[in-house]
1. Once the Cβ-Cβ distance between residue 248 and residue 324 is put in as r, and R0 is 41 Å, what FRET efficiency do you end up with, to the nearest 0.05?
2. Using the Cα centre as the reference, give the magnitude of the dipole from point charges on the C-beta atoms of the stretch 4-131 (Lys, Arg: +1; Asp, Glu: -1; all else neutral), rounded to the nearest 20 debye.
3. Taking N as the number of residues in the stretch 201-344, what is its alpha-carbon radius of gyration divided by 2.2 N^0.38 Å?
4. Report the relative contact order of the stretch 4-131, percent, no decimals, based on alpha-carbon pairs under 8 angstrom and at least 6 residues apart.
5. So who's got an amide H within less than 5 Å of the one on residue 226, skipping anything under 5 residues away but keeping other chains? H placed 1.01 Å off N, in plane.
6. Under a GNM of the chain (C-alpha, springs under 10 Å), which listed residue has the highest mean-square fluctuation: 296, 65, 119?
7. Quick check on the chain: take the gyration tensor over C-alpha atoms, sort the square-rooted eigenvalues as a ≥ b ≥ c, and tell me if it's rounded (a/c under 1.5), prolate or oblate.
8. Give the relative contact order (percent, whole number) for the stretch 280-381; include only Cα pairs under 8 Å separated by 6+ residues.
Amino acid sequence: MAKKKLNVGLIGYGFMGRTHSNAYRKVGNFFDLDYEVVTKAVCARNEERLKSFADQWGYESTETDWRKLVERDDIDLIDIGSPNDTHQEIAIAAAEAGKMILCEKPLARTGEEAKPMVDAVEKAGVPNMVWYNYRRVPAVTLAKQLIDEGRLGKIFHYRSKFLQDWTISEDLPQGGEGLWRLDVNVAGSGVTGDLLAHNIDTAIWLNGSIDSVSALTETFIKERQHSLTGKVEKVGIDDACIFMAEFKNGSLGNFESTRYARGHKALYDFEINGEKASIAWDLHDMNRLAYFDHGDDSIVRGWRSIHVTDGDQPYMDKWWVPGLIIGYEHTFIHQVADFLEGVAKGEPASPTFKDALETQYICDAVLKSGKSRAWEKVQKV
Ligand code: SOE
């Protein structure tokens, strides 16, 4: 049977534009879907680079104004891969135009900015999802399966970090292409919205809601030259953040993120300790899940290192043969596949805008606590 065509209009051709485009191009080769993704149009402001991106990734057309893209009748889905300060306006316009929407994380700069986006997609009834891609690492999805099967029993502890080191130099400017993550007006926050948002998204998926938080935030380099103005300006982002969390299920959370952990480029990890078992995972060894089961025979009991590459483990029947690994880019392919399966069945794929709003409210509470130095309640979605 001929597949239905689903025309994608992508906004933004940076790092995320490439991960998403790769997913659109590969998904149909590995997943049997009702839809065939067509990379119909890509939109960005620099026309020359836009054309070369379109050629490289097989986009049929280009636009330099996102409003024109949103108005086009031949576009079914708008993918927002542009910086955080653009998400709200584009998402609301796309929802009003009846488009499906995929939005890069974090959903917006703040919960207040994100809420109207949730209202808009719900009012329009359009399928929507946020690119929190780490949920789709097979080992992380397996962790979810083990927890949902009750193998960990009551959960006591959730601990997680995301460490990087790329902003240590005080000569690094803030703002502009590539460095907008350092500009608070564009990004909304520093490591909290950019990195901890991932830890939080995974945490609430695996371990449920967070009620309150207590945080310590720091900006190590107080002033940086702004790439766009050329002036030395105050740095408004959090360079590092450590927070404690009270989960609704009674477990205790412990989170840390920084861009000042010399030697770490992207060390995202988590460990969960339950009454019956524990699990641990880290991005540097992403195909493995560490698992300790107290129910094992005591003389052989110990941490197992599960190589999550077998056909009966999440997503892996779609790839090579048992034992052969996959990588970071596959998480985006899995996310598109799940989204399209959801569209075919009329079911939402997670995390929806509403799910991502919960993460946003937790980030807000963390940043508020970083200032107040007090425990802060998380706003309910
Ligand atoms: C920042 O360096 C960054 O690229 C984040 O923006 C991504 O979300 C994260 O997955 C990797 O690090």
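Read-outs throughout are calculated quantities, based only on the coordinates presented, and are distinct from any laboratory measurement. Computed from a predicted model, the values in this text were never measured in an experiment. Quick reminder, even Gly has a Cβ in these numbers, built from the backbone with ideal geometry, and neighbours come from all protein chains shown.
1. On the way: r = 39 Å, r/R0 = 0.95.
Calculated value: 0.55.
2. Values: 17 positive and 22 negative charges, 61 e Å.
The dipole magnitude comes to about 300 debye.
3. Rg over 2.2 N^0.38 Å, computed on Cα atoms: 1.38.
4. 24 percent
5. 174, 231, 232, 233
6. 296
7. oblate
8. Numbers: 80 pairs, mean separation 14.5, N = 102.
The normalised contact order for the stretch 280-381 reaches 14 percent.
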